[in-house]
Amino acid sequence: RRYLDLDGSLLFADVSGFTRLSERLARGGRVGGEAISEIIDDVFTRIIQPVLDRGGDVLQFSGDALLVLFHGEAHGARAAAAALEMQRALDAVPTIRAPGGAVRLRMSIGLHSGPLGVARLGVMQDVLLALGPGATATCLLEKAAASGEVLISSATAAALPASARQL
């Protein structure tokens with residue numbers, strides 16, 4: 001099917017600091033280029049693992065950001081737990097020393113739960129797109145989130161156990 005309406009949670013995470021790091025490591029020539037590739041691989045492996053552990057699906061990479069879908073039982077709670085674990089995983093990445101100074105990578109996350117539209121586009125290669133008000137709400141939450149912060153919609157908060165709403 002090319003389009004699907006579903007009830008789920010959409011998580012948008014944007015890692016900041018890669019541009020600054022890339023610019024600084026580029027001063028190191030080829031060695032710097034190899035270093036940034038290794039760092040990107042390490043960072044995204046760390047932050048994607050909680051998504052996979054909680055049953056999420058990475059829909060898209062967009063530069064230094066990713067869009068993740070959770071659906072099925074307790075999708076809001078699983079998505080919120082993954083978001084916090086992703087922040088902890090990135091916090092565990094040490095400050096990176098580079099020519100011109102050290103760089104600390106940070107991440108902002110927006111999370112919304114509710115009705116979502118997902119479209120599959122493409123001929124030679126499929127691309128999944130999240131569409132509609134739920135996707136817009138997710139992006140607006142991420143945009144409003146400060147570095148190191150997870151912002152969730154009221155719909156996601158309502159899906160969480162009372163003990164989790166105190167975070």
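What accessible area, in Å² to the nearest ten, does a 1.4 Å probe give for residue 7?
The value for residue 7 is about 90 Å².
Give the longest segment of the chain that steers clear of GluC sites (Glu not before Pro) in DSSP loops with at most 16 neighbouring Cβ atoms within 10 Å, not counting the sites themselves.
Values: sites that count: 73, 149.
The longest such stretch corresponds to 74-148.
When all protein chains stay in place, what accessible area (Å², nearest 10, 1.4 Å probe) is found for residue 136?
It works out to around 80 Å².
If the elastic network links every pair of Cα atoms under 10 Å, which of 13, 80, 26 fluctuates the most in the Gaussian network model of the chain?
Looking only at 13, 80, 26, the biggest GNM fluctuation is shown by 26.
Express in % the proportion of alpha carbon pairs of segment 39-118 at distances exceeding 15 Å. Walk me through the intermediate numbers first.
Working: 1837 of 3160 pairs.
Tail of the P(r) past 15 Å holds 58 percent of the pairs.
Longest segment of the chain with no trypsin sites (Lys or Arg not before Pro) in a DSSP loop having at most 13 other Cβ atoms within 10 Å?
Values: sites that count: 1, 2, 27.
That would be 28-167.
Using θ = phi - 60° and the Karplus relation 6.51 cos²θ - 1.76 cosθ + 1.60, list the HN-Hα couplings for segment 96-103 in order, rounded to whole Hz, with x at every Gly or Pro.
Ordered by residue, 3J(HN,Hα) equals 9, 7, 9, x, x, x, 7, 10 Hz.
Tell me, what HN-Hα J-couplings in whole Hz come from the Karplus equation 6.51 cos²θ - 1.76 cosθ + 1.60 at θ = phi - 60° for each residue of segment 80-87, using x for Gly and Pro?
Listing the rounded values in order: 5, 5, 4, 4, 5, 5, 5, 4 Hz.
May I ask for log10 I(q)/I(0) of segment 1-62 at q = 0.19, 0.26 Å⁻¹, from a Debye sum over the Cα atoms as equal point scatterers with solvent left out?
Result of the Debye calculation: -0.82, -1.16.
What figure in square angstrom, to the nearest 10, would you give for the accessible area of residue 151 with a 1.4 Å probe?
Counting only protein heavy atoms, residue 151 exposes about 50 Å² to solvent.
Per 10 Å bin, what percent of the C-alpha pairs of the chain does each bin hold, from zero upward?
Calculated over all Cα pairs of the chain, the distribution is 10, 37, 31, 17, 5, 0 percent.
For segment 86-167, with all protein chains present and a 1.4 Å probe, just round the carbon and sulfur fraction of the accessible area to a whole percent.
Values: 2730 of 4450 Å².
Of all accessible area on segment 86-167, carbon and sulfur atoms account for 61 percent.
The values are calculated or read from the model by the stated rules, or taken from the named source; none is laboratory data. Predicted model only: the values in this text are computed from it and were never measured. FYI the Cβ positions are ideal-geometry reconstructions off the backbone, even for glycines, and counts take in every protein chain you see. The area values use the complete protein model at the heavy-atom level, side chains included, leaving out ligands, DNA and RNA. Shrake-Rupley method; radii C 1.70, N 1.55, O 1.52, S 1.80 Å.
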